[in-house]
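Only one structure is covered here, and it is reproduced in the block below.
All of the numbers you see were taken from the coordinates with simple rules; none came from a lab. As the structure is a prediction and not an experimental result, all values here were calculated from the model. Here the Cβ positions follow ideal geometry from the backbone for every residue, glycine too, while neighbour counts run over all protein chains shown.
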Amino acid sequence: MKPIDSIRTIKGIGEKSEKLFCKLGITTVGELLAFYPREYDILTAIQPISSVQEGSTVILEGTFVTRPHMANVKNLKIISCKFRDASGQIQVSWFNMPYLLRSLKMGMHYILRGRIVLKNGMLQMTQPKILTKEEYHNQLGKLQPVYHLTAGLTNHAVTKAVAAALKECETEPDFLPLEIRKKYDLTGHKKAIRDIHFPENKEAYVKARKRLTFEEFFLFSLALHRMKETKGEKTSDFVLAENEKTEQLVQMLPYALTSGQEKAWEDVRTDLQSGYVMNRLIQGDVGSGKTVIAMLALLCAAENGHQGAIMVPTEVLANQHYEEFVRYLTPLGIRITLLTGSMTAAQKRKAAGEIAGHETDIIVGTHALIQEKVTYADLALIVTDEQHRFGVKQREQFSDKGHSPHMLVMSATPIPRTLAIILYGDLDVSVIDTLPASRLPIKNCAVGTNYRPQAYRFMEKQIQAGHQVYIICPMVEESENSEAENVMDYTNMLRETMSPGIRLAYLHGKMKAAQKNEIMTEFAKQEIDILVSTTVIEVGINVPNATVMMIENAERFGLAQLHQLRGRVGRGKDQSYCIFMAGNSSKEAMERLKILEESNDGFYVAKQDLQMRGPGDLFGIRQSGELYFKLADIFQDAEQLQQANEAACTFTRSDVSLLCKKYDGLRAKMEEYTGEIML
Ligand code: ADP
Ligand code: MG
């Protein structure tokens, strides 16, 4: 068995499982092995019932003292019974497992593992796993992988497939040169892969992670260095010197640019007329006003007779930018075209025609902009907004759509400058370090669920004052084994709780794009008072009239993500509020959320979070969401990033094309990584 073989070669994977794996993006054995666990489970010691606490996952040993009883609640069949040990008893319940009615035996010894929740004022264990004594003792203390799943595929099935692949798959020589492995004390690739799936203990996990994050960063860094080396400073066909309309736009804006914006715009304008290709990153916290810089740059391209395009990560954001651009730029005689994946074939054809025939000046869109079919008549500038959602490869593909167009990328990820220089090694950096002066800082509070009634009353008041509210829930639908608040049920519950007349709607990632756009448009037009949403609204959305955000189960999100989310409010002149609602009020969860209470500064939040968690945190939530890293996290693994970059630098200086025979493995890996043949 080889890494490139289909996963069908693994015993036990037939046509049906193949399809399910495919949904997770896994078609080959190699891809399966690179499908790292999301987290790990550790069996802990058995606890007396009398000592359990809300919100924790515990293991109990005892017997059932009441017969299992089944009740129908909404669409769920809930089985419950009482469980007892020497110290006390507790109610236990399961969803949709009716066969337990017959299989649970009174008086027999059981070991249960599950979460403790508070229901109707009583502690309960929900949806526990039932273990035999033998299973329990075999697994005690070991880390069990927990994978991302899709409906129909169990964690057990993935675990089994990975174990089989590890056993059968042939080893290739390690692609990281020995000198590097020695210098940075890195485990071999094969061992690291084995240990990331099935670590014997925490040390093995930490070592495996160290190696794998290093290799991710190393490949990334090497690709970047090569790109910079081979491109160098390039002269540009597009010298964009006319600036009459951009001046007009600045005059037209309902506000004055902040000093940070002015400086960024000055940097961009200088680049555009320099005669060299611009490669610039604009970094600015959420709400610092990056969009207008993009708009000015695109307008400049248009006014000089060329085309400019801006790519954003979501349809909703594309629509929003499109409308804003139309509002400001059509009066200046600029033609704007929208191109997104959800448009009908006819609409797409029309857009593509306008783009190819130079019947439009500025194009706003999603990934659809870099599809093969789209050709640009005269592309002088490309902008990627929310850059952290795109990979380097996509940036390159976008660039290939023109003849070395100018490039502007915008990101709100609060990374320290030292890291930004590495991560965006091929770019010049402008930082917008000011927020518009008219803004009042967001007022934050981290609270427990008992604060909800007050929160609802507060929202009603804000709505009466003409404002709008976001409520964020982590899930779409009720799921069997999660207590997390979900969007649908939550909206229904709110309908009953809130005063009649309050207009509610929900939004989540599984809805059709057109539907999402419709809801967002209604929300922007103030036809909706409360929008209950998953994190789909995380990036870029701008509705300044929304002044309250409440995040349910806030403890389930990374702090950086919470910071991005709260950036949806506090965008206008009115006082805004963000309520972080902790679903369990464990001390650590509250301490983490308090960091957000302390500061509205993304850098501060990221730094404090890192200090609290420390490296090698097993259950750490990914912070940065930088898509081009699977395992690595730029905050948590900052040290690895610097070392990998250092190693890549040395390489680039001595042998940029990896021509030496001993680097064959590395060269092959690089070609796979960048998708280009290295000459
Ligand atoms: P982000 O940097 O998060 O992309 P946006 O560009 O979406 O921020 O801007 C957020 C809001 O601030 C928008 O409503 C925008 O019109 C407004 N804005 C931008 N610049 C200024 C400014 N200098 N003064 C006041 N409001 C501004
Ligand atoms: Mg933005």
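Explain nothing, just the number: dipole magnitude of the chain about its Cα centre with +1 on each Lys and Arg Cβ and -1 on each Asp and Glu Cβ, in debye rounded to the nearest 20. Write down the numbers at each step before the final one.
Details: 81 positive and 82 negative charges, 466 e Å.
For this selection, approximately 2240 debye.
Can you sort L419, L299 by how many other beta carbons sit within 10 Å, fewest first?
Details: L419 17, L299 24.
Final ranking by Cβ density, sparse to dense: L419, L299.
Counting other beta carbons within 10 Å of each residue's own, what order do W94, W265 fall into, fewest first?
Details: W94 26, W265 21.
Going from least to most buried by this count: W265, W94.
How would you rank 145-152, 379-386, highest first, on the average number of other Cβ atoms within 10 Å across their residues? Write out the running numbers ahead of the final one.
Working: 145-152: 14.5, 379-386: 26.1.
Taking the mean over residues of other Cβ atoms within 10 Å, the ranking is 379-386, 145-152.
Write down Rg/Rh for the chain, rounded to two decimals, with Rg from the C-alpha atoms and Rh from the Kirkwood relation over Cα pairs.
Details: Rg = 27.1 Å, Rh = 27.7 Å.
Value, to two decimals: 0.98.
At each listed q (0.10, 0.19 Å⁻¹), what is the log10 of I(q)/I(0) that the Debye formula gives for the stretch 133-292 modelled as equal alpha-carbon point scatterers?
-0.71, -1.24
Which net charge results when you count Lys and Arg as +1 and Asp and Glu as -1 among the other residues whose beta-carbon is under 10 Å from that of T521?
Working: positive: K516, K525; negative: E323, E518, E522, E527.
Net charge around T521: -2.
Mind checking the angle between helix 155-168 and the chain's longest principal axis? C-alpha axes, 0 to 90 degrees, to the nearest 10.
Between the helix axis and the principal axis of the chain, the angle is about 80 degrees.
How big is the Kirkwood radius of the stretch 151-225, worked out from every pair of different alpha carbons and given in Å to one decimal? Spell out each step's value before the answer.
Values: mean 1/r = 0.0726 Å⁻¹.
Computed over Cα pairs of the stretch 151-225, the Kirkwood hydrodynamic radius comes out at 13.8 Å.
Hey, which aspartates and glutamates would be in cross-link range of K662, C-alpha to C-alpha under 12 Å, not counting anything within fewer than 8 residues on its own chain?
Answer for K662, where 12 Å is the Cα cut-off: D174, E179, listed by chain and number.
Compute the acute angle (0 to 90°) between the alpha-carbon long axis of helix 587-598 and the principal axis of greatest extent of the alpha-carbon atoms of the chain; round to the nearest 10°.
Value to nearest ten degrees: 20.
Net charge near Q144, counting Lys/Arg +1 and Asp/Glu -1 over other residues with Cβ under 14 Å of its Cβ?
Working: positive: R38, R113, K129, K142, K160, K202; negative: E39, D41, E135, D195, E200.
Here the count lands on +1.
Students often forget the sequence filter, so: which lysines lie under 24 Å Cα-Cα from K74 once same-chain residues fewer than 8 apart are removed?
Within the straight-line limit of under 24 Å, K74 reaches these lysines: K82, K119, K129, K510.
Quick one: plug the Kirkwood hydrodynamic radius of the stretch 51-110 (C-alpha pairs) into Stokes-Einstein at 20 °C, 1.002 mPa s, and report D in µm²/s.
Answer from the Stokes-Einstein relation: 173 µm²/s.
For S430, S259, what ranking results if the residue with the fewest other Cβ atoms within 10 Å of its Cβ goes first?
Values: S430 23, S259 12.
The most exposed by this proxy come first: S259, S430.
Setting aside same-chain residues fewer than 8 positions from K512, which lysines have a Cα under 19 Å from its Cα?
K23, K348
Only helical DSSP H runs with n ≥ 4 go in: add -39500 (n - 2.57) per run for the chain, normalise by residue count and round the 222 nm mean residue ellipticity to 500 deg cm²/dmol.
Working: 23 runs with 259 residues, N = 679.
Value at 222 nm, helices only, nearest 500: -11500 deg cm²/dmol.
Report, as a whole number in µm² per second, the diffusion coefficient that Stokes-Einstein gives for the stretch 5-105 at 20 °C and 1.002 mPa s using the Kirkwood radius over alpha carbon pairs.
Details: Rh = 17.4 Å.
For the chosen part, D equals 123 µm²/s.
What number do you get for the stretch 62-145 when its Cα radius of gyration is normalised by 2.2 N^0.38 Å, N = residues? Mind showing how you got there, number by number?
Working: Rg = 13.4 Å, N = 84, 2.2 N^0.38 = 11.8 Å.
Expressed relative to 2.2 N^0.38 Å, the Cα Rg reads 1.13.
Dividing the Cα radius of gyration by the Kirkwood radius, what Rg/Rh value follows for the stretch 252-349? Mind dumping the intermediate values first?
Values: Rg = 14.5 Å, Rh = 14.9 Å.
Across the stretch 252-349, the Cα-based Rg/Rh ratio is 0.97.
Give me the angle, in degrees from 0 to 90, between the Cα long axis of helix 291-303 and the longest principal axis of the Cα atoms of the chain, rounded to the nearest 10.
Here the helix axis deviates by roughly 30 degrees.
When the scattering of the stretch 273-421 is computed by the Debye formula from its Cα atoms alone, each counted once and equally, what is log10 I(q)/I(0) at q = 0.15, 0.16, 0.17, 0.20 Å⁻¹?
-0.71, -0.82, -0.93, -1.31
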